[in-house]
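Okay, so here's the structure we're looking at.
The values are calculated or read from the model by the stated rules, or taken from the named source; none is laboratory data. No experiment lies behind these values; they were computed from the predicted model shown. Cβ: placed from backbone, ideal geometry, glycine included. Neighbour counts: every protein chain shown.
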Amino acid sequence: MAALLTATRDRAPFSASRRAFLKASAAVGGGLLLQATLAPLARVAMAAAAGEGLSVNAFIRIAPDNIVTILSKNPEIGQGIKTMLPMVIAEELDVEWKNVRIEQAPLDEAKFGRQFAGGSQATPLNYDPLRRVGAAGRQMLVTAAAQGWNVPVGECRTEAGVVHHDKSGRSLAYGALAETAAALPVPDLASVTLKDPKTFKIIGQRMPGVDNPKIVTGQPLFGIDVAVPGMLHAVFQKCPVFGGTVKSANIDALKALPGVHDAFIVRAKEANPSGDPQGLADGVAIVAKSWWVASQAREKLEVIWDEGATAEQSSEGFAATAAKLNEGAPASYLRRDGDVATALKSAAHVVEAAYSYPFLSHIDLEPQNCTAHYQDGKVTFWAPTQLPGPGAALVAKTLGISTGDITVNMTRIGGGFGRRLRNDFMAEAAWISRQVGAPVKLLWNRRDDMQHDFYRPAGFHFFKGGLDKSGKLVAFSDHFVTFKRGNALADSAMMDANEFPAQLVPHLDYGQSTMALGVPTGPLRAPRSNALGFVFQSFIDELAHKAGKDPLAFRLAILGERRVLVNSSGTPNALRDFDTGRMHDVLVRVAEVSSWAHRRSLPKRTGKGIAFYFSHLGYFAEVVQATVTPAGEVKLDHVWIAADVGSQIINPSGAENQVQGAALDGLGAALGQAITIDRGRVVQANFDTVKPLRMEQAPPVEVHFLTTAHPPTGLGEPALPPVIPALCNAIFAATGKRVRSLPIDSAMLKV
Amino acid sequence: MPYTIAVNGQKRTIDVDGDMPLLWVLRDELDLKGSKFGCGAGLCGACTVHLDGEPVRSCSTPISSVGDAAVSTIEGMSADPVGKKLQAAWMELDVPQCGYCQAGQIMSATALLTKNPHPTDREIDAAMTGNVCRCATYTRIRAAIKKAASLRTAATEVK
């Protein structure tokens, strides 16, 4: 992370020695071990460039009128990062929030550290480093004041953007000190003094989103809103079967249509020889004076495709193959503890159940789009991407240019959910712009978006559980049937060997078998966890009922004593190590706030279900109350959530919004969403068949944060996984029917 | 062919095909980017505008069908007393997450409160069901509509 503030009178380029970097180093055993590495800053400076009244550097500019401009480094996808990260800097800089202006940083990872939106990682990666950025800036301003007054630094204090020397009654606002401070040596970020959190004035306050005024008045903000002089509009038709190629198309007829600027076949083989689904694909581009004209021309498009090798795959076929694979032994094991077969034989009760879940699309409300301008071997982007750096790398590879010749301006993003961690649209937009020699805005329609996604992989789990006479869980087995692409597991189609209840049951095995898949897959909000939460926490509920135990008590008994279960690789990794005590506490809290103990007094066909899940460093326990009508319709009555994400909620308004949204997102998917594959292609094309949650379905969601002594962690994802099993467990409590397959089939729940 | 429509109180003339949806006329011909494209089929409400005060899905409204109707978009809501109160409530309660759907939400909510200043929860559901919020900010949307309804009452009572 770079520098805070810099003297820019000479506008000299930054040298490497001025930079510090955030590093995420791969931990042994997979996953990411996140740490901020604060390289010694040779110098961080700031200044007010005379005349312009500004200094320019990575994060902070202070103007003579005391207006502080803070750059927000990460893409904003609705997770609130554009507001939250600057709050952290502003707090330690000790300025008033009303004097802060926020700008979106462009892609420049040498200056800003890693810039991405994913994995709920912004808080754990940036909270401490950005506090230090703010604190270093404050320290430099104090030093400048102290030197000017010829008093010890220790006699000065700051408040609301002003340095005070109480003994002499002198004070100076930051705006008057910025230029002097810029010439001072930069303090070592590792040793700057941070505020006592008890004195926070910005962190911990409910701060509304900085773009709200523009959002509610309809000002341009999003990728789709970008307009560049001379810009043309493009549509791009790809083969409905993934990886299919173009044999021929009626290009001449398209070119003759009024308003069409150009139409051409894109052949991707040379640019993407391995057929990487994240890269450029074959298709037909139509470029016109407006998007509507291009879309109308597309209605006349006739393409003969070579559909390729996966055109026979189907969701139905996968289910049949999975069942068949389960008749045999798993192809491999993620872990084998004890002797499951013997333990099941001697168990007092054995429960067996087959669970499955479908492919899911991200359904970002803003369809995929990208504006690119290729000119003289360089490309400028205005891109709604969650991963701008890898996007630039993909484009460099696709076009055979250097990443140094690529500029990425990050736009606000109308929903990410993981879809925009893939940058296929950037490769397409750049390719089309190069071909037509003009800036191009590529915009997909809803069908494109739903049928060319990187889907949450479907999956199949065949469980067995054994209980002893006292109802204690003694044996647990899962045969997970998932997908491979080539020789590797499909993207986001894997399971961790430490999945709960691993290490807590003496006889436990997780077996795995795979099927070949042509459908591209990828991370969807709380990847893996969004499906594993459903199957594991639902099956645990089945076991609790078989044991005749309260589902809460049964879970607490499995968690047992408070301790950290270090993952089975033996190398500590906060993303994979599981603190039973933290989970115990959120379970107990959610039971309290949801009146769990009184759940039996609910009306007929109304039930409460409970579930928990640990993901993205967050501990979440959730209770859903649902009512099932005689027709089988599921009504969501109420959701209670207890969460432990550490010592500090940075922006409570944003935090609650994230948690509520994540829970409702999971509920919407469970009730109305599936992507079906037939003949190698996606059946669904719009919101009539893939149903997002709507207003009348949305229940109140109560959020309770426990404050604990752990470092603050992220909130975009971890509230989602437990809500689906909590709902399914509530449906069981209401009806006695167990949901083992998603989306929930109301026909199964009819009286 | 040329069409003249009244958008936010201003006459605008555009020369486009009659089947071009109002949404694309607004966005690409008149540079009013506030109304959003989500589904192209009237299923998500991101493109909601008013025709003579009635909420319509502009993605499925051909320009040839607009005629003399007064078109109001999110860009005109700051000049609409109800729209303005809703915008204020949206900001006060910090409704948006990604924000992409919110223009359409505010347009539907403005049409609702203009006709029905004190809607019940069920009436809010009925008026807002066509507007998808993929981030699911529904709890806050509902609260903001109620907040704006109460602001409106207060203003009326002062008079």
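Residues in the range A:465-472: is at least one touching a residue at least 24 places away in the same chain (Cβ under 8 Å), within 23 Å of A:LYS549 (Cβ to Cβ), crowded, with 20+ Cβ neighbours inside 10 Å and touching a Gly at 6+ places or on another chain (Cβ under 6 Å)? Checked against the condition, which is being touching a residue at least 24 places away in the same chain (Cβ under 8 Å), within 23 Å of A:LYS549 (Cβ to Cβ), crowded, with 20+ Cβ neighbours inside 10 Å and touching a Gly at 6+ places or on another chain (Cβ under 6 Å), the range A:465-472 yields no hits at all. In the range A:231-290, the qualifying residues are those that are assigned to a strand (DSSP E or B), buried (at least 16 other Cβ atoms within 10 Å of the Cβ) and polar (S, T, N, Q), and the one that is nearest to the chain's Cα centre (by Cα) is A:GLN237. One residue is enough: does the range A:365-385 have a residue meeting the conditions in contact with a Gly (Cβ under 9 Å, 6 or more places away or on another chain), of a type in the set (Val, Ile, Thr) and at pLDDT 95 or above? Yes, the range A:365-385 has at least one match. Go through the residues of the range A:103-126 one by one and say whether even a single one is among the basic types (Lys, Arg), touching a residue at least 60 places away in the same chain (Cβ under 8 Å) and under 18 Å from A:THR411 (Cβ atoms). Looking for residues that are among the basic types (Lys, Arg), touching a residue at least 60 places away in the same chain (Cβ under 8 Å) and under 18 Å from A:THR411 (Cβ atoms), one finds none in the range A:103-126, hence no.
Can you confirm whether B:ALA89 is hydrophobic (A, V, I, L, M, F, W, C), farther than 28 Å from A:ARG446 by Cα and crowded, with 18+ Cβ neighbours inside 10 Å?
It is true that B:ALA89 is hydrophobic (A, V, I, L, M, F, W, C), farther than 28 Å from A:ARG446 by Cα and crowded, with 18+ Cβ neighbours inside 10 Å.
In the range A:425-439, the count of residues that are out of contact with any Cys (no Cβ under 7 Å at 6 or more places or on another chain), buried (at least 24 other Cβ atoms within 10 Å of the Cβ) and under 30 Å from B:VAL132 (Cα atoms) is one or more. Listed conditions (1) within 9 Å of chain A (Cβ to nearest Cβ); (2) surrounded by 20 or more Cβ atoms within 10 Å (Cβ to Cβ) are all met by B:ALA148, apart from (1).
How many residues are facing chain B (nearest Cβ under 7 Å) and either over 24 Å from A:PRO106 (Cβ atoms) or among the β-branched types (Val, Ile, Thr) (or both) if we restrict to the range A:223-238? Adding up the residues that qualify gives 1.
Taking the range B:38-49 only, how many residues are touching a helix residue (DSSP H, G or I) at 6+ places or on another chain (Cβ under 6 Å) and either more than 7 Å from chain A (Cβ to nearest Cβ) or surrounded by 24 or more Cβ atoms within 10 Å (Cβ to Cβ) (or both)? Matching residues across the range B:38-49 total 7. Of the listed requirements (1) under 15 Å from the mean Cα position of the chain (by Cα); (2) over 19 Å from B:VAL71 (Cβ atoms); (3) polar (S, T, N, Q); (4) more than 7 Å from chain A (Cβ to nearest Cβ), B:ASN116 misses just one: (1). Please work out which residue is nearest to A:ALA626 (Cα to Cα), limiting yourself to the range A:593-608 and to residues that are under 30 Å from the mean Cα position of the chain (by Cα) and outside any loop (DSSP other than H, G, I, E, B). Once the filter is applied, the top-ranked residue is A:LYS608. For the range B:97-113, filtered to residues that are within 24 Å of A:ALA662 (Cβ to Cβ) and touching a Gly at 6+ places or on another chain (Cβ under 6 Å), the residue that is farthest from the other protein chains (Cβ to nearest Cβ) is B:GLY104. Whether any residue in the range A:259-271 is within 14 Å of chain B (Cβ to nearest Cβ), closer than 26 Å to A:GLY230 by Cβ and without any contact (Cβ under 8 Å) to a residue 40 or more places away in the chain is what I want to check. There is at least one residue in the range A:259-271 that is within 14 Å of chain B (Cβ to nearest Cβ), closer than 26 Å to A:GLY230 by Cβ and without any contact (Cβ under 8 Å) to a residue 40 or more places away in the chain. Within the range B:31-64, the residues that satisfy the criterion of being touching a residue at least 24 places away in the same chain (Cβ under 8 Å) and either assigned to a helix (DSSP H, G or I) or basic (Lys, Arg) (or both) are B:LYS36, B:ARG57, B:SER58, B:CYS59, B:SER60, B:ILE63, B:SER64. In the range A:354-451, counting only helices (runs of 4 or more DSSP H) that sit wholly within it, the ones holding 2 or more residues that are out of contact with any helix residue (DSSP H, G or I) (no Cβ under 7 Å at 6 or more places or on another chain) and within 14 Å of chain B (Cβ to nearest Cβ) span A:446-451. When the range A:300-348 is filtered for residues that are closer than 30 Å to A:PRO743 by Cβ, charged (D, E, K, R) and part of a helix (DSSP H, G or I), the ones remaining, listed by number, are A:GLU316, A:LYS324, A:GLU327. Filtering the range A:84-131 to residues that are hydroxyl-bearing (Ser, Thr, Tyr) and either more than 30 Å from A:ARG528 (Cα to Cα) or crowded, with 24+ Cβ neighbours inside 10 Å (or both) leaves A:SER120, A:THR123.
The residue of the range B:119-134 that is farthest from the other protein chains (Cβ to nearest Cβ), among those that are part of a loop (DSSP other than H, G, I, E, B) and surrounded by 14 or more Cβ atoms within 10 Å (Cβ to Cβ), is B:PRO119. With respect to the conditions (1) small (Gly, Ala, Ser); (2) surrounded by 14 or more Cβ atoms within 10 Å (Cβ to Cβ); (3) at positive phi, A:GLY377 lacks only one, and its number is (2). Looking only at residues in the range A:191-222 that are in a helix (DSSP H, G or I) and within 10 Å of chain B (Cβ to nearest Cβ), the one that is farthest from B:LEU30 (Cα to Cα) is A:ASN212.
Can you find a residue that is without any contact (Cβ under 8 Å) to a residue 12 or more places away in the chain and charged (D, E, K, R) anywhere in the range B:92-113? Scanning the range B:92-113, I find no residue that is without any contact (Cβ under 8 Å) to a residue 12 or more places away in the chain and charged (D, E, K, R), so the answer is no.
Please verify whether A:ALA526 is in the same structural domain as A:GLY714 (by TED's automatic domain parsing), within 24 Å of the chain's Cα centre (by Cα), at positive phi and buried (at least 23 other Cβ atoms within 10 Å of the Cβ), treating the condition exactly as stated. Yes.
For the range A:659-701, the set of residues classified as more than 11 Å from chain B (Cβ to nearest Cβ), within 26 Å of A:ASP637 (Cβ to Cβ), assigned to a loop (DSSP other than H, G, I, E, B) and not small (Gly, Ala, Ser) consists of A:GLN673 only.
Do the conditions hold for A:ALA643, that is, is it closer than 24 Å to A:PHE578 by Cα, part of a helix (DSSP H, G or I), assigned by TED's automatic domain parsing to the domain that holds A:LEU517 and modelled with pLDDT of 95 or more? So A:ALA643 fails the test. Selection of the range A:596-630 for residues being more than 20 Å from A:LEU667 (Cβ to Cβ) and surrounded by fewer than 17 Cβ atoms within 10 Å (Cβ to Cβ) yields A:ALA597, A:HIS598, A:ARG600, A:SER601, A:PRO603, A:LYS604, A:PRO630. Any residue at all in the range A:180-192 that is in contact (Cβ under 8 Å) with a residue 40 or more places away in the chain, touching a helix residue (DSSP H, G or I) at 6+ places or on another chain (Cβ under 9 Å), surrounded by 15 or more Cβ atoms within 10 Å (Cβ to Cβ) and among the charged types (D, E, K, R)? Checking the range A:180-192: not a single residue is in contact (Cβ under 8 Å) with a residue 40 or more places away in the chain, touching a helix residue (DSSP H, G or I) at 6+ places or on another chain (Cβ under 9 Å), surrounded by 15 or more Cβ atoms within 10 Å (Cβ to Cβ) and among the charged types (D, E, K, R).
Based on this model, can you work out whether A:PRO722 counts as within 14 Å of chain B (Cβ to nearest Cβ), modelled with pLDDT of 95 or more and at negative phi? Walk me through how you get there before you give the answer.
Working: within 14 Å of chain B (Cβ to nearest Cβ): no; modelled with pLDDT of 95 or more: yes; at negative phi: yes.
In short, no.
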